[in-house]
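To start, the structure itself, in structure tokens.
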Amino acid sequence: MVAGNDNNVVGNNTLIASDLRIYRSDRGTLCVRVGAGTVYENIRVRRAFPLVHADRYIGFLHADGSELGLLEDPRGLDGDSAAVLEQELDKTYFLPIITEFYDLGEEHSVIYMEVETSSGSRTIYVRGYRNKIRALPGNRALIEDVEGNRYEVRNLDSFPKLTRDILGL
């Protein structure tokens with residue numbers, strides 16, 4: 001159910017997982033059926049807190065960017081809806097995890113890294129690392145390279161101190 005403004009609206013645009021069916025149209029666009037039949041087509045989804053609460057607080061937006069509503073907890077979705085939602089979020093939030101640093105250094109104020117990620121080997125260049133490498137809660141870090149790609153580092157303490165020092169962590 002949508003909390004928002006018609007028969008399915010309660011006031012603050014909160015979506016209720018058990019009242020949603022999420023699927024793809026014949027054209028492949030994301031659709032959301034709310035309650036007994038209100039269908040919204042060409043919907044986009046965004047995480048409200050992609051780094052801290054990636055599994056909660058999912059925003060549903062119309063094609064024009066206006067808000068349909070916020071799903072606080074997607075765990076109540078039916079299996080098919082949950083799978084479609086997860087596929088859509090994975091397309092939007094591609095975030096490889098760095099699992100190993102092979103070579104790491106700095107040259108002309110640019111940090112370069114030869115790394116292994118959950119998506120294969122990469123060479124990453126980071127300029128302005130004080131703004132592009134930041135610690136996250138839970139012993140994690142986020143690295144943004146010169147092309148705008150983002151990478152997550154988990155279990156920071158498992159990496160050598162020198163690696164963490166070069167990264168400014």
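Numbers below:
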| read-out | value |
| --- | --- |
| Any pair with Cβ under 8 angstrom, 6 or more apart, that starts in the range 25-36 at a residue that is free of Cβ contacts under 8 Å to residues at least 24 places away in the same chain and in a loop (DSSP other than H, G, I, E, B) and ends at one that is open to solvent by 80 Å² or more (accessible area, probe 1.4 Å) and not polar (S, T, N, Q) | Ser25/Glu41; Thr29/Glu41 |
| Selection from the range 68-83 of residues that are part of a strand (DSSP E or B) and either open to solvent by less than 40 Å² (accessible area, probe 1.4 Å) or at pLDDT 95 or above (or both) | Leu68, Gly69, Leu71 |
| Residue match in the range 132-140 (condition: polar (S, T, N, Q) and modelled with pLDDT under 90) | no |
| Residues of the range 109-153 classified as over 15 Å from Leu95 (Cβ atoms), without any contact (Cβ under 8 Å) to a residue 24 or more places away in the chain, in contact with a Phe, Trp or Tyr (Cβ under 9 Å, 6 or more places away or on another chain) and assigned to a loop (DSSP other than H, G, I, E, B), total | 1 |
| Residue match in the range 114-128 (condition: touching a Gly at 6+ places or on another chain (Cβ under 9 Å), at pLDDT 90 or above and among the aliphatic types (A, V, I, L, M)) | no |
| Residue among Arg150, Arg154 that alone is basic (Lys, Arg), open to solvent by 70 Å² or more (accessible area, probe 1.4 Å) and modelled with pLDDT of 90 or more | Arg154 |
| Selected residue (criterion: nearest to Thr29 (Cα to Cα)) from residues of the range 91-102 that are open to solvent by 70 Å² or more (accessible area, probe 1.4 Å) and touching a strand residue (DSSP E or B) at 6+ places or on another chain (Cβ under 9 Å) | Phe94 |
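Here is a yes/no grid of residues against (1) farther than 30 Å from Leu169 by Cα; (2) buried (at least 16 other Cβ atoms within 10 Å of the Cβ):
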| site | (1), (2) |
| --- | --- |
| Ile43 | yes, yes |
| Val52 | no, no |
| Ser66 | yes, no |
| Leu85 | yes, yes |
| Leu89 | no, yes |
| Glu107 | no, no |
| Val110 | no, no |
| Arg127 | no, no |
| Pro137 | no, no |
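Residue-by-condition table, conditions (1) at pLDDT 90 or above; (2) among the basic types (Lys, Arg); (3) under 12 Å from the mean Cα position of the chain (by Cα):
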site	(1), (2), (3)
Ala3	no, no, no
Tyr23	yes, no, no
Arg33	yes, yes, no
Thr38	no, no, no
Asp55	no, no, yes
Leu89	no, no, yes
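The values are calculated or read from the model by the stated rules, or taken from the named source; none is laboratory data. Source: prediction; values computed, not measured. When we count neighbours, we look across all protein chains shown, and the Cβ atoms used for this are built from the backbone with ideal geometry, even at glycine. SASA here: full protein model, heavy atoms, side chains in, ligands and nucleic acids out. Shrake-Rupley method; radii C 1.70, N 1.55, O 1.52, S 1.80 Å.
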